[in-house]
1. Need pairs with beta-carbon distance below 8 Å; first residue closer than 19 Å to Phe55 by Cα and within the range 484-513, second at pLDDT below 95 and among the charged types (D, E, K, R); sequence gap 6+ or separate chains.
2. Could you tell me whether the range 296-316 includes any residue that is open to solvent by less than 20 Å² (accessible area, probe 1.4 Å), of a type outside the set (Phe, Trp, Tyr), away from ligand 2 (no atom under 16 Å from the Cβ) and assigned to a helix (DSSP H, G or I)?
3. If a residue has to be polar (S, T, N, Q) and either farther than 15 Å from Phe395 by Cα or away from ligand 2 (no atom under 16 Å from the Cβ) (or both) to count, how many in the range 242-275 make the cut?
4. Output the residue which, of all residues in the range 205-220 that are in contact (Cβ under 8 Å) with a residue 60 or more places away in the chain and open to solvent by 10 Å² or more (accessible area, probe 1.4 Å), is nearest to ligand 2 (Cβ to nearest atom).
5. Determine which single condition Pro161 fails, assuming it passes every other condition in (1) closer than 30 Å to Arg244 by Cα; (2) in contact (Cβ under 8 Å) with a residue 40 or more places away in the chain; (3) not in a loop (DSSP other than H, G, I, E, B).
6. Please find, within the range 448-460, the residue that is nearest to Gly108 (Cα to Cα) out of those that are within 15 Å of ligand 2 (Cβ to nearest atom) and in contact (Cβ under 8 Å) with a residue 60 or more places away in the chain.
7. Write out, first by first residue and then by second, each pair whose Cβ atoms fall under 8 Å of each other, whose residues are 6+ apart or on separate chains, and whose first residue, in the range 181-195, is within 14 Å of Ala220 (Cα to Cα) and part of a strand (DSSP E or B) while the second is β-branched (Val, Ile, Thr) and open to solvent by less than 10 Å² (accessible area, probe 1.4 Å).
8. Does the range 235-246 include one or more residues that are out of contact with any Gly (no Cβ under 7 Å at 6 or more places or on another chain), at pLDDT 95 or above, crowded, with 17+ Cβ neighbours inside 10 Å and part of a helix (DSSP H, G or I)?
Amino acid sequence: MTLTGMMLIGVESHRGRNGEIRAIDPSTGAALDPAFGGGGAAEVDRACQLAWDAFDRFRETAPEDRAVFLEAVARNILDLGDELIVRAVAESGLPRARLEGERGRTVGQLRLFAAVVREGSWIGARIDPALPERAPLPRPDLRQRRIPLGPVAVFGASNFPLAFSVAGGDTASAFAAGCPVVVKAHSAHPGTSELVGRAVQAAVAECGLPEGVFSLIFGAGTSVGTALVADPRIKAVGFTGSRRGGVALMEVAAKRPEPIPVYAEMSSINPAFLLPAALAARAEALGRGFVASLTLGAGQFCTNPGILLAVDGPDLDRFVAAAVEALGGSAAPTMLTPGIHAAFDAGVAALADNALVATLARGLDGDGPNQCRAALFATTADAFLDDPSLREEVFGSASLLIRCPDLESLRAVAERLDGQLTATLQMDAADAGAAAALLPTLERKAGRILANGWPTGVEVCHAMVHGGPFPATSDSRTTSVGTAAIERFLRPVCYQDIPAGLLPESLRDGNPLGLWRRVDGALGRH
Ligand SMILES: NC(=O)C1=CN([C@@H]2O[C@H](COP(=O)(O)OP(=O)(O)OC[C@H]3O[C@@H](n4cnc5c(N)ncnc54)[C@H](O)[C@@H]3O)[C@@H](O)[C@H]2O)C=CC1
Ligand SMILES: O=C(O)CCC(=O)C(=O)O
């Protein structure tokens, strides 16, 4: 498919006139063709109007029809074949195998949400039949279901050009809920975005859905994203990116005459606790495992293990020696964009220049542009508690070890951490007491707590929580990965004494959709 550099507004392809966006191949620094025209207020207005016009029809599509649509999107993405992977490699610097895996995850997510839509429990049907004879007051007939919020603005993420981008988890979960989607493409991968966007656009047409179910807009600065979030027809936002960008969009959403929810996944340093018995038993293996997780994908995961906490002593020294050796031999992969590379270098330089921080190891230097030279630093618990700058995320393969005098101080540091996507316990049976003492703190701080693994690698499943208190996300009540992500885009409506003919199918007597429903308090397929 020839890339056109055009935005997709409903069924139309539309050339933007607000400046040009060109992808950069970060491995060479070369600008890639074609130039993509940036959008403006007119395109945002048109896409939002189409999305609004599509909403009432799309939200009442039968579950089977919506599932078929999600599956069509998945199939069309696969049908793009190698062209998609080649373009994504060129625009992101990520290796082919990683992008092939990410495509599999993207398609798998869409299909999983198709299964969720068919299964139907997301509708949350509840029925409390009327009790006309109840004394002293009769009870009316009350029926509840959940409906989608409305059109959703989705911001593609730079670090997952497929799985967190145009047809990524935010879009899949919004479609599953019945929300039209307007995507603001990430300017780092406009070609990948156009290809996937065309796959979605084609699926909308194939399934006979209203054109406004999907639009894709480009924009180099912040104005397109700001206008989108401010638009009164947009009712929720999905975002993965920087804390600054996420907070800016939260403010735009909060200042609207009608504020809307923003589900922003932003910044997390993902503490890993190396507990004493685990260190004593396998310090060297832990050191190597940690470096493998830290350097995976040039550390460009929001789940990257950015700080380590352990009680100081000879076992920790063994861990450090193994980690230093592994990290010292680690190659320098290409980072996603020149901007992300510059931010990484600045973050590493700030740590290296901090008088309270020691540099333990640096990875191998690269010989091309935008390469990530991994870094491991160490500091003390007191220094970490005194200097808030040490709690900031350095996006890329950089991590800070906090040497604590004892378990009590390790807990005190944990207590001062900001909200996190993950918290990791490296523990053996003899660490159970220390782990139990940490757990209440970790539950308050993190969305996912894991033992004896590393936080990179997020399973897409029903029980996953990829979320957490601020600044990990803007709303700790939800997840952006896994089937529970659909909850973000739904709200309950109660129907009181509404005549049977006007009730939605999901709430009708006889359960025509065969849903699990809570009837008079009892859950069943009735
Ligand atoms: N924690 C995480 O998962 C991630 C964190 N990052 C961090 O973000 C930095 C920059 O990377 P990007 O991916 O470009 O993220 P970004 O937050 O700068 O941009 C993401 C998207 O939001 C839009 N945007 C940003 N600020 C905005 C504003 N004020 N108003 C309206 N729209 C706005 C951008 O145009 C882009 O489409 C990285 O160096 C890294 O520190 C990046 C990717 C993932
Ligand atoms: O590792 C994953 O699957 C998710 C990571 C993520 O959300 C991110 O890096 O932005």
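The values are calculated or read from the model by the stated rules, or taken from the named source; none is laboratory data. These numbers were taken from a predicted model, which means no experiment stands behind them. All Cβ positions, glycine included, derive from the backbone under ideal geometry; neighbour counts span all protein chains shown. For accessibility, only protein heavy atoms count, side chains too; no ligands or nucleic acids. Shrake-Rupley method; radii C 1.70, N 1.55, O 1.52, S 1.80 Å.
1. none
2. yes
3. As a first pass, look at the range 242-275 and keep what is polar (S, T, N, Q): 242, 267-268, 270.
Imposing the further condition that a residue be either farther than 15 Å from Phe395 by Cα or away from ligand 2 (no atom under 16 Å from the Cβ) (or both) reduces the set to none.
Number satisfying all stated conditions: 0.
4. Going through the range 205-220, the residues in contact (Cβ under 8 Å) with a residue 60 or more places away in the chain turn out to be 205-207, 209-220.
If we keep only those that are open to solvent by 10 Å² or more (accessible area, probe 1.4 Å) too, we end up with 205-207, 209-211, 220.
Numbers: Ala205: 31, Glu206: 29, Cys207: 28, Leu209: 28, Pro210: 31, Glu211: 30, Ala220: 22 Å.
Top of the filtered list is Ala220.
5. (3) is the only condition that Pro161 fails.
6. The initial filter retains those residues of the range 448-460 that are within 15 Å of ligand 2 (Cβ to nearest atom), namely 448, 450, 453-460.
Retained after the next criterion (residues that are in contact (Cβ under 8 Å) with a residue 60 or more places away in the chain): 454-458, 460.
Details: Trp454: 23, Pro455: 21, Thr456: 19, Gly457: 15, Val458: 13, Val460: 8 Å.
So, considering only residues that are within 15 Å of ligand 2 (Cβ to nearest atom) and in contact (Cβ under 8 Å) with a residue 60 or more places away in the chain, the one nearest to Gly108 (Cα to Cα) is Val460.
7. Going by the 8 Å Cβ cut-off, the qualifying pairs are Val183/Val154; Val183/Val166; Val183/Thr171; Val183/Ile217; Lys184/Val154; Lys184/Ile217; Lys184/Val224.
8. Looking for residues that are out of contact with any Gly (no Cβ under 7 Å at 6 or more places or on another chain), at pLDDT 95 or above, crowded, with 17+ Cβ neighbours inside 10 Å and part of a helix (DSSP H, G or I), one finds at least one in the range 235-246, hence yes.
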